[in-house]
Amino acid sequence: MQPNRAELARFQRYAKPQASGCWLWTGPHGTNDGYGKFQSAPGKNKIMAHRWSYEAFVGPIPTGMQIDHKCHTDDISCTGGAGCPHRRCVNPQHLEAVTPSENTMRQRHYARSRTECPKGHPYDGDNLIMGKDGKRRCRECDRARKRRTVAADPA
């Protein structure tokens with residue numbers, strides 16, 4: 001995507017450079033998830049501001065990839081979530097196209113720091129299952145769920 005001058009000017013009105021190097025999005029937010037939305041011209045659909053920035057300044061987002069905020073990955077004090085200031089960052093130098101699995105693996109939130117599943121089984125060794133989406137699962141709970149499913153099947 002090659003934005004025109006009007007689109008760039010409109011975008012830059014909402015991207016405020018910070019001392020951290022982040023460009024904080026001060027424009028509209030689409031939902032309560034903390035990500036900005038950008039409408040490059042009247043009548044065009046709104047898209048996530050960080051995705052627009054990546055496509056405008058870096059290039060097309062490869063099929064199946066997501067845009068990760070490297071500034072968030074590097075800030076170990078940020079716990080993530082809707083209040084995360086990095087979700088508002090639209091600096092293309094802070095954005096990177098990654099697989100959904102890699103994006104999930106980089107997330108830091110309360111569940112990432114847990115060492116046990118909700119039933120108290122450890123998230124380590126043979127009991128740890130890493131899903132394709134990067135989420136951790138407990139092998140013992142997974143086995144129990146499968147036993148319940150088989151037992152409930154009348155066939």
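First compute the accessible area of the chain with a 1.4 Å probe, then give the percent of it belonging to carbon and sulfur atoms. Before the final figure, lay out each step's value.
Working: 5080 of 9870 Å².
Result for the chain: 51 percent of the exposed heavy-atom area is carbon or sulfur.
At 1.4 Å probe radius, can you tell me the per residue accessible area of the chain in Å²? Before the final figure, lay out the partial values.
Working: 9870 Å² over 155 residues.
Spelled out: the 1.4 Å probe surface of the chain, per residue, equals 64 Å².
Karplus couplings for the stretch 118-125 from phi (6.51 cos²θ - 1.76 cosθ + 1.60, θ = phi - 60°), rounded to Hz, Gly and Pro as x?
x, 8, x, 7, x, 8, 7, x
Mind pulling the angle between the C-alpha long axis of helix 5-14 and the longest principal axis of the chain? Nearest 10 degrees, somewhere in 0 to 90.
Here the helix axis deviates by roughly 60 degrees.
Under 27 Å between alpha carbons, and skipping anything fewer than 8 positions from Lys132 in its own chain: which lysines qualify?
Excluding near neighbours in sequence, the set is Lys70, Lys119, Lys146.
Relative contact order for the chain: what is it in percent, counting Cα pairs under 8 Å that are at least 6 residues apart? Mind showing how you got there, number by number?
Working: 214 pairs, mean separation 27.8, N = 155.
Relative contact order of the chain: 18 percent.
Let a ≥ b ≥ c be the square roots of the eigenvalues of the Cα gyration tensor of the stretch 56-106; is it rounded (a/c under 1.5), or, if not, prolate (a/b larger than b/c) or oblate?
Details: a/c = 2.21, a/b = 1.39, b/c = 1.59.
It comes out oblate by the Cα gyration axes.
Can you give me the long-range amide H partners of Gly36? Hydrogens built in the peptide plane at 1.01 Å from N, cutoff under 5 Å, separation of 5 or more residues or another chain.
Ala49, His50
For the chain, what is the calculated [θ] at 222 nm in deg cm²/dmol (nearest 500), taking -39500 (n - 2.57) for each run of four or more DSSP H residues and dividing by its residue count?
Values: 5 runs with 45 residues, N = 155.
After summing the helix terms and dividing by the residues of the chain, the value is -8000 deg cm²/dmol.
For the chain, what is one quarter of the convex hull surface built on the Cα atoms, given in nm²? Let's see the in-between values first.
Details: hull surface 52.0 nm².
Approximately 13.0 nm², given one-decimal rounding.
If the rule is a partner Cβ under 4.7 Å, which cysteines in the chain fail it?
Flagged as lacking a Cys partner: Cys71, Cys78, Cys84.
Does anyone have the angle between helix 139-152 and the longest principal axis of the chain? Alpha-carbon axes, 0 to 90°, nearest 10?
70 degrees
The values are calculated or read from the model by the stated rules, or taken from the named source; none is laboratory data. Keep in mind the model is a prediction, meaning the values are calculated, not measured. Reconstructed Cβ throughout: ideal geometry from the backbone, glycine too, with neighbour counts over all protein chains shown. These area figures cover heavy atoms from the full protein model, side chains too; ligands, DNA and RNA do not enter into them. Shrake-Rupley method; radii C 1.70, N 1.55, O 1.52, S 1.80 Å.
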